[in-house]
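Trainee: This structure is in structure tokens; I'll ask about it shortly.
Since every read-out is calculated from the coordinates, none of them should be taken as a lab result. Because the structure is a prediction, the values reported are computed rather than measured. In this analysis, Cβ positions are derived from the backbone assuming ideal geometry, glycine residues included, and neighbour counts consider all displayed protein chains.
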Amino acid sequence: MLTIAVEIWSRSRLAEPLDNEELLDWIITNGGYIHPNAHIKFVPPTQSYRGVFVKNVNEEGGTPEGIKKGDIIYPLIIIKPSQYNYNNYWDCDGVNELYRQLQLGEDSFYAPYIRYMLNQPRGRIPQDWTVGGMRLLDVITNKEHFQQHDQEQQQHDDNDGGRIMNRLPPTYKTTDFQQWLDECNGEDTPLSRHTVYQYISRDEDTLLIPFYDIHNHSNNPTKLNSHILKPKHPGKSFVLKSSRDIHPGEQIYISYNKCHPCWFDTTFRGCKSFSNYGSSDIFFVYGFVEDWPQYWNYKIVSPRSSISSSDDDDVVIEEVEFCVSPTSGEENDNNELHAHFVDSDYIPSHEHITWFAQHLLRLNE
């Protein structure tokens, strides 16, 4: 069963490449709703990817009020899948069905949305990079050295105070495509790879939601202007609402990882899932470096003897979490950055300082 959130769909057989407005027209024609002042267009200055914007008044036919705070931008009734769970993040049936729909192409029940996915560029996320690109990422994160120590059952070095020189995030052990091969009995084809990478970078709790997944990400409090209300069960509405007035010409942003420890709004209570990716996860899953604020989580493997001698294990894994944002709250080229630890009581140990210093020296070589 295809895990696409839909209200009313009808079979469509459209031949031409997707126009920016075609998907919206298709949704509305078949009983869906999109705020009349919202539309899709390419994002300046590169014009290389799409986003959702409030229509300008004159040339784009928008109205002066734009989108008011609390307006519903996009509601959908969850009909599929019946087994939907808002805390699930991987679904073999969903990936398999998306693969089947992409193979159908123009014959798919979801043809306009499928065409949009087929037109997405390859190589956008690190998992879809070339072998050379992935090798470069492994060198930067020190993955090869980490695997060597892992194979040696985490036996630590005697040099430099017994520090284990382990890896930087993203600390993935395998790719989602390998998971598709191993767990879903998937096949290795260019289209199946494209399927997996589109699925993981667009799904919302295993749901694929046309139009919603075109919105770009920001946690910058001056940019973020909408929030979602996720359903817990099939038959309930998935709703995207504006969190403030959004003016004509302004881009509509959503957050891909709200609720992490650096989330700027401490009063926010709308976390419907564990959408707490760190900045390294955003890069690995979606293929871009997010703007400020950023959340970083480093896992440092320390010799057990430097922490406690009461345990039989040779090493212990500690987490160092910190937030990074501009000192003035506004992003510009001349602004200094402010970093603070998530745990206000945390004091960096000599071992942790050495760990970071080793990586800085390694990366500067």
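Trainee: Just grab the label-to-label distance for residue 346 and residue 327, each label 7 Å out from Cα along the Cβ direction, in nm (one decimal).
Mentor: 2.2
Trainee: Turning to a different aspect of this structure: Quote to one decimal, in nm, the extra length available between residue 356 and residue 106 on full extension: 0.36 nm per residue of separation minus the C-alpha distance between them.
Mentor: That pair, residue 356 and residue 106, stretches by 84.8 nm at full extension.
Trainee: Further, regarding this structure: Taking the Cβ-Cβ separation of residue 60 and residue 89 as r and a Förster radius of 45 Å, what is the calculated FRET efficiency to the nearest 0.05?
Mentor: Calculated value: 0.80.
Trainee: What does the charge count near residue 36 come to, summing +1 for each Lys or Arg and -1 for each Asp or Glu among other residues with Cβ under 14 Å from its Cβ?
Mentor: Neighbourhood net charge equals -3.
Trainee: In addition: Starting from the Cα of residue 49, step 7 Å along the direction of its Cβ; do the same at residue 222; then give the gap between the two resulting points in nm.
Mentor: Inter-label distance under the simple model: 2.1 nm.
Trainee: In nm, what is the difference between 0.36 nm times the number of residues separating residue 185 and residue 363 and their Cα-Cα distance? Numbers along the way, then the final one.
Mentor: On the way: separation 178, 0.36 × 178 = 64.08 nm, distance 3.85 nm.
Additional length available on full extension: 60.2 nm.
Trainee: I want the local charge near residue 71. Using Cβ-Cβ distances under 12 Å, sum +1 for each Lys or Arg and -1 for each Asp or Glu among the other residues.
Mentor: +2
Trainee: Per 0.36 nm of contour for each residue apart, how much would the distance between residue 134 and residue 72 grow if the chain were fully extended, relative to their Cα-Cα spacing?
Mentor: Contour length minus Cα-Cα distance gives 18.2 nm.
Trainee: Kindly flag which residue pairs out of 69/258; 230/258; 68/230; 236/258; 223/299 have an alpha-carbon separation exceeding 24 Å in this structure. Walk me through the intermediate numbers first.
Mentor: Details: 69/258 19 Å; 230/258 13 Å; 68/230 21 Å; 236/258 22 Å; 223/299 30 Å.
Going by Cα-Cα distance, 223/299 fall outside the 24 Å limit.
Trainee: Less than 10 Å Cβ to Cβ from residue 319, Lys/Arg counted +1 and Asp/Glu -1: what total charge do the surrounding residues give?
Mentor: Overall, the nearby charge balance is -2.
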